[in-house]
1. When residues of the stretch 176-194 are filtered for being free of Cβ contacts under 8 Å to residues at least 40 places away in the same chain, part of a strand (DSSP E or B) and crowded, with 16+ Cβ neighbours inside 10 Å, how many remain?
2. Among the residues of the stretch 172-183, write down those that are under 17 Å from the mean Cα position of the chain (by Cα) and over 18 Å from residue 211 (Cα atoms).
3. Tell me, yes or no, whether the stretch 15-30 has at least one residue that is within 14 Å of the ligand (Cβ to nearest atom) and touching a helix residue (DSSP H, G or I) at 6+ places or on another chain (Cβ under 6 Å).
4. If I ask for residues that are closer than 18 Å to residue 73 by Cβ and part of a loop (DSSP other than H, G, I, E, B), which ones from the stretch 1-48 would you list?
5. If I go through the stretch 195-215 residue by residue, how many of them are more than 12 Å from the ligand (Cβ to nearest atom) and part of a loop (DSSP other than H, G, I, E, B)?
6. Starting from the stretch 202-217, keep only residues that are at positive phi, then list their pairs with residues that are assigned to a loop (DSSP other than H, G, I, E, B) and at pLDDT 95 or above whose Cβ atoms are within a distance under 9 Å, requiring at least 6 positions of separation or different chains.
7. How many residues does the stretch 56-71 contain that are under 23 Å from residue 26 (Cα atoms), touching a residue at least 60 places away in the same chain (Cβ under 8 Å) and in a loop (DSSP other than H, G, I, E, B)?
8. Restricting attention to the stretch 110-148, report how many residues are out of contact with any strand residue (DSSP E or B) (no Cβ under 9 Å at 6 or more places or on another chain), within 29 Å of residue 169 (Cβ to Cβ) and within 14 Å of the ligand (Cβ to nearest atom).
Ligand code: SAH
(Lines give C-alpha, C1' and ligand atoms only; values in the text may rest on other atoms or scores of the structure.)
Protein backbone atom coordinates (compact mmCIF):
# COMPACT_ATOMS: atom_id res chain seq x y z
CA UNK A 1 0.00 0.00 0.00
CA UNK A 2 1.38 3.45 -0.85
CA UNK A 3 2.01 6.00 1.88
CA UNK A 4 -0.79 8.15 0.45
CA UNK A 5 -3.34 5.33 0.47
CA UNK A 6 -2.30 4.39 3.99
CA UNK A 7 -2.79 7.95 5.21
CA UNK A 8 -6.14 8.31 3.37
CA UNK A 9 -7.34 5.08 5.01
CA UNK A 10 -6.25 6.27 8.42
CA UNK A 11 -8.12 9.51 7.89
CA UNK A 12 -11.31 7.69 6.89
CA UNK A 13 -11.02 5.41 9.90
CA UNK A 14 -10.60 8.53 12.08
CA UNK A 15 -13.93 10.00 10.92
CA UNK A 16 -15.67 6.64 11.11
CA UNK A 17 -14.58 6.21 14.73
CA UNK A 18 -16.00 9.63 15.62
CA UNK A 19 -19.33 8.76 13.93
CA UNK A 20 -19.46 5.36 15.59
CA UNK A 21 -18.89 6.94 18.99
CA UNK A 22 -21.89 9.19 18.43
CA UNK A 23 -20.65 12.44 16.88
CA UNK A 24 -23.50 13.34 14.52
CA UNK A 25 -23.10 17.08 13.86
CA UNK A 26 -22.02 17.37 10.21
CA UNK A 27 -20.31 20.73 10.68
CA UNK A 28 -18.23 19.30 13.55
CA UNK A 29 -17.31 16.22 11.50
CA UNK A 30 -16.32 18.47 8.59
CA UNK A 31 -14.09 20.58 10.85
CA UNK A 32 -12.47 17.42 12.25
CA UNK A 33 -11.96 16.24 8.68
CA UNK A 34 -10.38 19.50 7.55
CA UNK A 35 -7.94 20.19 10.38
CA UNK A 36 -4.77 18.11 9.93
CA UNK A 37 -4.11 16.70 13.43
CA UNK A 38 -0.73 15.39 12.29
CA UNK A 39 0.45 19.01 12.08
CA UNK A 40 -0.27 19.51 15.80
CA UNK A 41 1.73 16.58 17.17
CA UNK A 42 5.50 16.08 17.39
CA UNK A 43 7.17 14.42 14.38
CA UNK A 44 7.71 11.19 16.30
CA UNK A 45 3.94 10.88 16.83
CA UNK A 46 2.87 11.57 13.23
CA UNK A 47 2.07 7.88 12.74
CA UNK A 48 -0.41 7.94 15.66
CA UNK A 49 -1.93 11.34 14.84
CA UNK A 50 -5.23 9.84 13.61
CA UNK A 51 -5.58 7.20 16.32
CA UNK A 52 -8.30 8.06 18.85
CA UNK A 53 -5.91 8.80 21.70
CA UNK A 54 -4.35 11.68 23.60
CA UNK A 55 -0.64 12.20 22.84
CA UNK A 56 2.18 13.90 24.76
CA UNK A 57 3.23 17.42 23.70
CA UNK A 58 5.91 19.73 25.13
CA UNK A 59 5.95 20.96 28.77
CA UNK A 60 4.51 17.67 30.07
CA UNK A 61 1.08 18.43 28.58
CA UNK A 62 -1.15 16.49 26.16
CA UNK A 63 -3.12 17.03 22.98
CA UNK A 64 -6.62 15.75 23.78
CA UNK A 65 -8.14 12.61 22.32
CA UNK A 66 -9.96 13.38 19.03
CA UNK A 67 -13.26 11.97 20.33
CA UNK A 68 -13.18 14.35 23.31
CA UNK A 69 -12.31 17.30 21.05
CA UNK A 70 -15.24 16.47 18.74
CA UNK A 71 -17.60 15.79 21.66
CA UNK A 72 -16.84 19.06 23.44
CA UNK A 73 -17.04 20.99 20.17
CA UNK A 74 -20.45 19.45 19.46
CA UNK A 75 -21.68 20.27 22.96
CA UNK A 76 -20.78 23.95 22.45
CA UNK A 77 -23.50 24.28 19.76
CA UNK A 78 -21.40 26.84 17.87
CA UNK A 79 -22.88 29.37 15.47
CA UNK A 80 -20.79 31.21 12.83
CA UNK A 81 -21.12 34.57 14.64
CA UNK A 82 -19.84 33.28 18.00
CA UNK A 83 -16.78 34.57 19.82
CA UNK A 84 -15.16 31.72 21.73
CA UNK A 85 -12.69 31.63 24.62
CA UNK A 86 -10.55 28.53 25.10
CA UNK A 87 -8.47 27.97 28.23
CA UNK A 88 -5.48 25.67 27.65
CA UNK A 89 -4.17 26.14 24.09
CA UNK A 90 -1.71 23.23 24.35
CA UNK A 91 -0.96 22.18 20.76
CA UNK A 92 -3.58 24.53 19.30
CA UNK A 93 -5.57 21.64 17.81
CA UNK A 94 -8.84 22.26 19.67
CA UNK A 95 -8.56 25.98 18.84
CA UNK A 96 -8.12 25.10 15.15
CA UNK A 97 -11.27 22.96 15.16
CA UNK A 98 -13.22 25.72 16.93
CA UNK A 99 -11.96 28.30 14.44
CA UNK A 100 -13.74 26.52 11.59
CA UNK A 101 -17.11 26.89 13.33
CA UNK A 102 -16.97 30.31 15.00
CA UNK A 103 -16.13 33.88 14.07
CA UNK A 104 -13.26 34.33 16.47
CA UNK A 105 -11.33 32.23 18.98
CA UNK A 106 -9.22 33.60 21.83
CA UNK A 107 -7.10 30.87 23.42
CA UNK A 108 -5.11 31.30 26.65
CA UNK A 109 -2.02 29.21 27.54
CA UNK A 110 0.23 29.44 30.61
CA UNK A 111 3.39 28.04 28.90
CA UNK A 112 5.21 30.41 26.57
CA UNK A 113 6.70 27.54 24.51
CA UNK A 114 3.29 26.00 23.87
CA UNK A 115 1.71 29.37 23.07
CA UNK A 116 4.45 30.20 20.54
CA UNK A 117 4.37 26.81 18.82
CA UNK A 118 0.57 26.84 18.67
CA UNK A 119 0.63 30.29 17.09
CA UNK A 120 3.03 29.08 14.38
CA UNK A 121 1.00 25.96 13.64
CA UNK A 122 -2.30 27.82 13.53
CA UNK A 123 -0.80 30.28 11.07
CA UNK A 124 0.65 27.44 8.97
CA UNK A 125 -2.72 25.67 8.64
CA UNK A 126 -4.49 28.94 7.85
CA UNK A 127 -6.51 29.55 11.03
CA UNK A 128 -6.35 33.34 10.91
CA UNK A 129 -9.21 33.92 13.34
CA UNK A 130 -7.44 32.49 16.41
CA UNK A 131 -5.56 34.68 18.85
CA UNK A 132 -3.27 32.88 21.29
CA UNK A 133 -2.68 34.78 24.53
CA UNK A 134 -0.06 33.96 27.18
CA UNK A 135 -1.50 34.11 30.67
CA UNK A 136 -3.45 32.50 33.49
CA UNK A 137 -6.66 31.25 31.96
CA UNK A 138 -8.28 31.04 35.39
CA UNK A 139 -8.67 34.80 34.99
CA UNK A 140 -10.14 34.41 31.49
CA UNK A 141 -9.41 37.20 29.00
CA UNK A 142 -11.12 40.15 30.71
CA UNK A 143 -10.23 42.74 28.06
CA UNK A 144 -11.89 40.67 25.36
CA UNK A 145 -15.05 39.54 27.19
CA UNK A 146 -17.92 38.73 26.93
CA UNK A 147 -17.74 35.40 25.08
CA UNK A 148 -20.64 33.44 23.60
CA UNK A 149 -18.87 30.20 24.41
CA UNK A 150 -16.09 29.24 26.81
CA UNK A 151 -14.29 25.89 26.74
CA UNK A 152 -11.70 24.79 29.30
CA UNK A 153 -9.40 21.96 28.22
CA UNK A 154 -7.65 21.34 31.56
CA UNK A 155 -9.35 19.89 34.65
CA UNK A 156 -10.57 22.41 37.24
CA UNK A 157 -11.41 21.54 40.84
CA UNK A 158 -13.98 24.33 40.90
CA UNK A 159 -15.40 26.60 38.21
CA UNK A 160 -13.31 29.80 38.01
CA UNK A 161 -15.63 32.73 38.80
CA UNK A 162 -13.93 34.95 36.17
CA UNK A 163 -15.08 32.58 33.44
CA UNK A 164 -18.68 32.70 34.62
CA UNK A 165 -18.45 36.50 34.70
CA UNK A 166 -17.05 36.65 31.15
CA UNK A 167 -19.79 34.46 29.70
CA UNK A 168 -22.46 36.29 27.64
CA UNK A 169 -26.17 35.84 28.32
CA UNK A 170 -27.36 32.54 26.82
CA UNK A 171 -23.70 31.55 26.78
CA UNK A 172 -22.37 28.03 27.33
CA UNK A 173 -19.33 27.23 29.50
CA UNK A 174 -17.91 23.72 29.12
CA UNK A 175 -15.24 22.42 31.47
CA UNK A 176 -13.82 19.20 32.93
CA UNK A 177 -14.47 19.32 36.68
CA UNK A 178 -12.91 17.06 39.27
CA UNK A 179 -9.80 16.38 41.33
CA UNK A 180 -6.38 16.45 39.65
CA UNK A 181 -5.55 12.86 38.69
CA UNK A 182 -8.96 11.66 39.85
CA UNK A 183 -12.37 11.12 38.27
CA UNK A 184 -13.42 14.13 36.22
CA UNK A 185 -16.56 14.93 34.31
CA UNK A 186 -17.37 17.37 31.54
CA UNK A 187 -19.82 19.89 32.97
CA UNK A 188 -21.94 22.18 30.82
CA UNK A 189 -23.11 25.46 32.36
CA UNK A 190 -25.69 27.52 30.48
CA UNK A 191 -26.21 31.13 31.51
CA UNK A 192 -29.67 32.69 31.44
CA UNK A 193 -31.63 35.38 33.27
CA UNK A 194 -32.69 32.65 35.72
CA UNK A 195 -29.05 31.84 36.55
CA UNK A 196 -26.73 28.98 35.62
CA UNK A 197 -28.15 25.62 34.55
CA UNK A 198 -25.78 22.68 35.08
CA UNK A 199 -25.63 19.48 33.09
CA UNK A 200 -23.16 16.68 33.85
CA UNK A 201 -21.79 14.97 30.75
CA UNK A 202 -19.16 12.30 30.09
CA UNK A 203 -16.29 11.08 32.30
CA UNK A 204 -12.86 12.29 31.14
CA UNK A 205 -9.16 12.52 32.10
CA UNK A 206 -7.48 15.92 31.56
CA UNK A 207 -4.22 17.44 32.77
CA UNK A 208 -4.83 19.88 35.65
CA UNK A 209 -5.78 23.53 35.32
CA UNK A 210 -3.07 25.31 37.34
CA UNK A 211 -3.16 28.86 38.65
CA UNK A 212 -0.66 31.46 37.42
CA UNK A 213 1.60 31.65 34.39
CA UNK A 214 4.26 28.94 34.15
CA UNK A 215 7.53 30.30 35.55
CA UNK A 216 9.80 28.50 33.07
CA UNK A 217 9.44 27.79 29.37
N1 SAH B 1 -6.63 22.12 23.97
C2 SAH B 1 -5.32 21.50 23.92
C3 SAH B 1 -5.12 20.51 25.06
C4 SAH B 1 -4.33 21.13 26.07
S5 SAH B 1 -3.83 20.24 27.51
C6 SAH B 1 -5.04 20.88 22.58
O7 SAH B 1 -5.93 20.85 21.72
O8 SAH B 1 -3.89 20.45 22.36
C9 SAH B 1 -4.19 21.53 28.67
C10 SAH B 1 -3.42 22.80 28.53
O11 SAH B 1 -3.90 23.70 29.52
C12 SAH B 1 -1.92 22.66 28.77
O13 SAH B 1 -1.22 23.17 27.69
C14 SAH B 1 -1.67 23.50 30.04
O15 SAH B 1 -0.43 24.16 30.05
C16 SAH B 1 -2.82 24.49 29.96
N17 SAH B 1 -3.19 25.13 31.22
C18 SAH B 1 -3.31 24.59 32.45
N19 SAH B 1 -3.69 25.53 33.36
C20 SAH B 1 -3.81 26.69 32.67
C21 SAH B 1 -4.15 28.03 33.03
N22 SAH B 1 -4.46 28.39 34.29
N23 SAH B 1 -4.17 28.97 32.06
C24 SAH B 1 -3.89 28.67 30.78
N25 SAH B 1 -3.54 27.42 30.37
C26 SAH B 1 -3.51 26.44 31.31
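1. 7
2. Of everything in the stretch 172-183, those that are under 17 Å from the mean Cα position of the chain (by Cα) and over 18 Å from residue 211 (Cα atoms) turn out to be 172, 173, 174.
3. no
4. Listed by number, the residues that qualify are 21, 22, 23, 24, 25, 35, 36.
5. Number satisfying all stated conditions: 1.
6. As it stands, the answer is 212/110; 212/136; 217/111, since those pairs meet every condition given.
7. 1
8. 1
The values are calculated or read from the model by the stated rules, or taken from the named source; none is laboratory data. In this text the structure is predicted, and so the values were computed from the model without any measurement. FYI the Cβ positions are ideal-geometry reconstructions off the backbone, even for glycines, and counts take in every protein chain you see.
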